[in-house]
Amino acid sequence: MPQRHSKNNNDLAFFTYDEKKKLGYGTQRERLGRDSIKPFDACCLCLKPFIDPMCCQKGHVFCKECILECLLSQKKDIHRKLAAHTAQQKQEKNEEEDRLVQQKARELEAFDQQNHGAIPQNNDRNQSQDKTGFHGANSVKVTSYEEEALRTMKAFWLPSATPAAPVKVDAPSTSTVCPEGNEKLTLKSLFSVYYTEDNNEKKKKSSLDKTFICPSCKVTLTNTLSLVALSSCGHVFCKKCADRFMAVDKVCLVCSKGCKERNLVNLAKGGTGFAGHDDNLEARDFKHLGSGSGLGLVRPAVKT
């Protein structure tokens, strides 16, 4: 059935909904494929196959070098922010002391002028301070108000009186955080993770293309499986074996080291690409429609 003539030909001064849709205007949604999903054996920081993996209590796996470098940079940033915050507090304290000294000096000057009568003394100090030419007790307040107004005047057209927004540095947190989960993370809370390699493969692969298996059921580990690591010894099992054996026997099947239920840490997965997975695997991006955008060439018109 041919499309309607009104959708294809019009002389309107604006784009219709159908024209915007064909040009790719609005929120574009695209499902992420396999290449956009992090494998389970990749570092969360460098996104490469991990070397000497270490895991946090939330199940995020990092390379040892990557996470140590990240924590070190966070500590340096914390020290820098603390130094800036301390300098700001010291500056505010000095400004407050100067303000109190100036206020006290103005009060003493006003009191001195009130007690010395209406006839001023002809000296350079009074001539420089008195700008209006009026003296006496009745004009002291007016002069002080004018000086205060000139001192605190906010005039954006004058370069010398342009107001500046004060930049305040808040007190930073002194604890390092996990770069993946944003929870508190310390070096003591990290533990090493040990994966069991599959040595019975007939095909020899490179060192970067390793295959890991569960040491209990010998199933190949992939993103489709939920993995559990023991924080007491670091060995990794599939979730079925961990719930069936470690949670009941309270002992590791590889090294026979005792473990408790709190030592079972669920490792975070990168995703599978299936709709039933708990991760959000849909990318969204808002496209504007303007002159020279070229969206009509990037996204072809959808056939309806």
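Tabulated results
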item: Heavy atoms of Arg80 accessible to a 1.4 Å probe, total area in Å² rounded to 10; result: 150 Å²
item: Ranked order, Asp18, Asp77, Asp112 - accessible area, probe 1.4 Å, largest first; result: Asp112, Asp77, Asp18
item: Interchain or long-range residues, amide H under 5 Å from Gly26's placed H; result: Lys287
item: Arg29 accessible area, 1.4 Å probe, all protein chains in place, Å² to nearest 10; result: 140 Å²
item: Heavy-atom accessible area ranking, 1.4 Å probe, most first, across His79, His85; result: His79, His85
item: Sites Glu197 and Asp243, calculated FRET efficiency, Cβ-Cβ separation with R0 30 Å, nearest 0.05; result: 0.80
item: Restraint check, Lys48/Lys81; Lys48/Lys269; Lys64/Lys188; Lys58/Lys218; Lys64/Lys260, Cα-Cα greater than 22 Å; result: Lys48/Lys81; Lys58/Lys218; Lys64/Lys260
item: Ordering of 181-190, 50-59 by burial proxy (mean other Cβ atoms within 10 Å per residue, highest first); result: 50-59, 181-190
item: Long-range HN-HN contacts of Val177 with modeled amide H, under 5 Å; result: Leu185
item: Lys250 accessible area, assembled protein chains, probe 1.4 Å, Å²; result: 80 Å²
item: Exposure ranking of Val169, Val101 by accessible area [1.4 Å probe, largest first]; result: Val101, Val169
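The values are calculated or read from the model by the stated rules, or taken from the named source; none is laboratory data. Every value quoted in this text rests on a predicted model; they were computed, and no experiment measured them. So basically every Cβ, Gly included, is an ideal-geometry build from the backbone, and we count neighbours across all protein chains shown. Note: areas computed on protein heavy atoms with side chains; ligands, DNA, RNA excluded. Shrake-Rupley method; radii C 1.70, N 1.55, O 1.52, S 1.80 Å.
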